[in-house]
Structures are given as C-alpha cells and as structure tokens.
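Since the structure comes first, as structure tokens, the remarks are kept for the end.
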Amino acid sequence: MRTALLAFMLCLHGTSFAIDVKDVEPDKRTVLDRYLTAGEAWQMLSGRAHDTLFIDVRTQAEVSYVGAPAGMDANVPFMLVDFDYFDPKARRFALHKNPDFVKRIGERLQSKGLDRNADIVLICRSGDRTARAVNALAAAGYTRVWTVIDGFEGDPAGDGANAGKRTVNGWKNAGLPWSYVLERSQAYVSGEP
C-alpha cells in the first residue's frame, strides 16, 4: 500500500520514480523514503532542472579531484574534512558535520528562485552520506528531498577482480555525464554564501 501511495504521489508531482524501501540498504534509508538511482536522477534532472535543486554533498576535495556530476547546481558538503586531525582507527582525516549545511541549502534554493517545497536531489559518494543529509533537512522541515542511493562513485564490488573497488553502480559507472571542471558558482567556500 505504501509503495502504491508513493508512486501515486510521485506521478502527481510529475515524477514517476519509486524505489521500494525494502530494496534500500538500511544505512541508506531516510525518514522521507524518497530514493532515486543515478540513472533515475539524471532522467528527473534532465526534464526538470529548472525547478529542482541538485546538490552534491561530498567534501570539496572529493568534488574537485574525483569529479562532479553534470547538471549539479552546487557542492554543499554535509561533512567537512578536518585536515588537522588524522584518525588512526579509521585511517583517514577526521570528518565533522557542516554546521551551515541546512542554511546553505536554503540559500541555494533561494538563489535559484525556489522554495522549500521544491524537489531537492542529493548525491554523495555511494548513498549513505546523503541519507544523513536528507534526515537533517527533514528535521528542518523539508519534505521533498531525494537521495541518489548509488551515489557518484557507486558501491564497492564484494568479490572478484574488482573486490573493494567502486564498480557496481553509481553515476560514473552508469556512464552519465560528469566533469573534473567545477564552476565558481558551484563551489563551496567556507564563510561565503
């Protein structure tokens, strides 16, 4: 019943995508239950870029050096890298939540002439960070926030020659357009709107 209702609601808003929540890994689920694959996100954005906000929530380094999806309105990191602290247990630099994340999303909506009722599509590396970002926006009262469940790089292969490599799915692996070029208007700079 829930899936049928979700599909009906999506059709009312001109979107016919509906991934059943039972098909979404637990760490990628959100309180809003709005899920897209990378391919579905591209289809949605191709037809409705003017009334949809497309945000990459990865860190600035990821967007700069791994690439960014075509059509991205902006990079607004959900997590920021603390280059002054290396976490030996995680074997990487520490991350902390961006305290301006929700505020910056509101500013990006406003700059595009949209309000909080517009569709917002979030993408990260593999879909788990966007789940947390969606939940943060939902807590702030946003209701039409989608997560790209396979992200920009996709999930890692579990076995075979590519075990551990992100070759399973995702924006890049789907052959969708992307670039290493980032425009100034898309860049996230701390302290600037």
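Annotations
- Remark: the residue 66-residue 110 segment gains 13.0 nm on full extension, using 0.36 nm per residue and subtracting the alpha carbon distance.
- HN-Hα J in Hz across segment 64-69 - Karplus 6.51, -1.76, 1.60, θ = phi - 60°, x for Gly and Pro: 5, 10, 9, x, 9, x
- Value at 222 nm in deg cm²/dmol, rounded to 500, when DSSP H runs of n ≥ 4 in the chain each add -39,500 (n - 2.57): -8000 deg cm²/dmol
- Test item: Cα-centred dipole of segment 26-181, Lys/Arg +1 and Asp/Glu -1 on Cβ, debye: 140 debye
- Between residue 85 and residue 174, the simple label model (points 7 Å from Cα in the Cβ direction) yields a spacing of 3.5 nm.
- Amide H within-cut-off set for residue 121, under 5 Å, with H built and near neighbours excluded: 53, 54, 55, 146
- Taking 7 Å steps out from each Cα toward its Cβ at residue 138 and residue 186 produces label points 2.8 nm apart.
- Using the Cβ-Cβ distance between residue 43 and residue 96 with R0 = 35 Å, the FRET efficiency computed as 1/(1 + (r/R0)^6) comes to roughly 0.55.
- Convex hull volume per residue, computed on the Cα atoms of segment 40-193, equals 122 Å³.
- Relative contact order, percent, segment 32-75 [alpha-carbon distance under 8 Å, six or more residues apart]: 38 percent
- Of the chymotrypsin sites (Phe, Trp or Tyr not before Pro) found in segment 87-193, those in coil by DSSP whose Cβ has at most 10 other Cβ atoms within 10 Å are 180.
Throughout, read-outs are computed from the coordinates displayed, never taken from laboratory work. The structure presented is a predicted model; accordingly, all values stated were derived computationally and were not measured. In this analysis, Cβ positions are derived from the backbone assuming ideal geometry, glycine residues included, and neighbour counts consider all displayed protein chains.
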